[in-house]
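Every number in this text was worked out from the coordinates using simple rules, so none of it is lab data. This structure is a prediction, so every number in the text was calculated from the model and none was measured. Please note: Cβ atoms are built from the backbone with ideal geometry, for glycine as well, and neighbour counts cover all protein chains shown.
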Amino acid sequence: MTSRPEVRPPRGDWTGAGFETRQIHAGELQDDPSGARITPVYLTGAYRFDSFDHAHERFAGIEEGPVYSRHGNPTNGVAERRVADLEGGSGAVLVASGTAAIATTMLALAGSGERIVSQSSIYSGTRLLFERTLARAGVATDWVWEPRDAAAWEEAITPATRAVFIETIPNPKGDLADIGLVTRVAEQHGLPVVVDNTVATPAVFRPIEHGAHIVVHSSTKYLSGHGAALSGVVVDGGVFDWSAAADRYPLLARSRTAEAPSFLDRFGRSRAFEGYLRFTTVTDLGPAPSPWHGFLLQQGMETLSLRMERHLANARAVAEYLDGHPRVAAVDYAGLPSHPDHDLAVRHLGGEGGPVFSFTVRGGADGARRVFDTLTVFSRMTNIGDVRSMVLHPATTTHGSFDDETNRRLGVEPGMLRLSIGLETVGDLIADLAAALDAA
């Protein structure tokens, strides 16, 4: 009688697997008693404890596990582990939106009387968060207007600085920062670098591999890809030496009492920031994501690399078309050889400029209005990272609350339109733009 082959259990450790394999499998639950292949949606606000001691152990961090869905949820935990794996981080925390990811991260690092340093050309919503809400909490921001100049970063850093913030592909101008340069300057001052990788995604660029310490995403955008749900995620790179900076980050690196170990002692260097963020700022402010939205994020990530290939290919074709059009004054796409940051696009992005970029129509605001109102394939809406292509006029929407001088310095002109390039047939996108430019 032929012996039966050994039945091997499903694989749970995806270390060493390819990116496409990990975007489908990494972080999956292995112990669902039903055998469900797709992660269940755990619609629960809280979790039972087995005993008096079990409750204490969960709250004290002696045993890891769910306490309350404000801290974490099994469905969302799968999304957290998957994003961390794809970014090359040690752990991650899922929150309700990209803004929540940035706000909780910066407030975890800086408090009243302290400062952060940021690239000036970041997304307008993040700039408003820093200038308005963080400022009211006593956290000041120093802006760097020349992100490729090491001296400009050095000059902006003071003894009160607690973090450095940049974006891989700023929205809407796409003026790239040299992440290696920024991290080298920050590390000389013992400061963590936070990188918003929303537009690039780990399918294109992984900041931790270039020296970044923390990565944030509006996972509403490309990680999800479908535009159906809000979420944000913070990835702990697990590489920053918190023990050497304990005076700057005492809540993370120092024990509160003899019975309560510090987050650094409790989670180790590799996951200290993840644990600290989850059980302080995120817990205190409460930006808990719905597990349904965490489930939708998982579904989106399964096709991330395939979608990004198409986003990038479509964006390049559209940018090259616009660059040669007589009614277009400028195209802010770093994938073009004429762009001042093209060398960084080659070094960081494989020569691409990213799926979000802007172009300026001749004729100022009136020309932009005519193009905007004539487009029919591009959706007139705010958002990026959807499968649908979108268009917006920054000067009267996202940047409408900035004064003229700020917008001038940011390069936001009256004739500028921002495009988020989707997955439609690229010929249809170009034909739509051609008809709209003819109308202008």
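Here are the numbers for the structure shown:
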quantity: Kirkwood Rh, Cα atoms: Rg over Rh of segment 304-439; calculated: 0.95
quantity: Net charge dipole size for the chain [Lys, Arg +1 and Asp, Glu -1 on Cβ; Debye, nearest 20]; calculated: 580
quantity: Listed residues N197, V371, A330: farthest to the positive end of the dipole of the chain (Cβ charges); calculated: V371
quantity: Quarter of Cα convex hull surface for segment 27-78, i.e. mean projection, nm²; calculated: 4.1
quantity: Net dipole in debye of segment 45-301 [+1 Lys, Arg Cβ; -1 Asp, Glu Cβ; about Cα centre; nearest 20]; calculated: 520
quantity: Zone of D284's modelled label, taken as backbone nitrogen in segment 120-157 under 17 Å from a point 7 Å along Cα→Cβ; calculated: 133-140
quantity: Candidates H293, H325, H189: whichever shows maximal mean-square fluctuation once the chain is modelled as a Gaussian network with Cα springs under 10 Å; calculated: H325
quantity: Residue with peak Gaussian network fluctuation, the chain [Cα springs, cutoff 10 Å], from S69, S255, S290; calculated: S255
quantity: Loop trypsin sites (Lys or Arg not before Pro), segment 11-71 (other Cβ atoms within 10 Å of the site Cβ: 13 or fewer; DSSP); calculated: R11, R37, R48
quantity: Max mean-square fluctuation residue, GNM over the chain, Cα-Cα springs under 10 Å, options G400, G89, G225; calculated: G400
quantity: Selection from V139, G237, G422, by position along the positive dipole direction of the chain (Cβ); calculated: G422
quantity: Volume in Å³ per residue [convex hull over Cα atoms, computed for segment 45-301]; calculated: 115
quantity: Option label - Cα Rg over 2.2 N^0.38 Å computed here, alternatives (1) 1.02; (2) 0.96; (3) 1.17; calculated: (1)
quantity: Computed E for E424/T257 - FRET, C-beta separation, R0 60 angstrom, nearest 0.05; calculated: 0.55
quantity: Relative contact order %, the chain, counting alpha carbon pairs below 8 Å whose residues are six or more apart; calculated: 15
quantity: Segment 222-285-segment 319-392 distance, computed between alpha-carbon centres (Å); calculated: 37
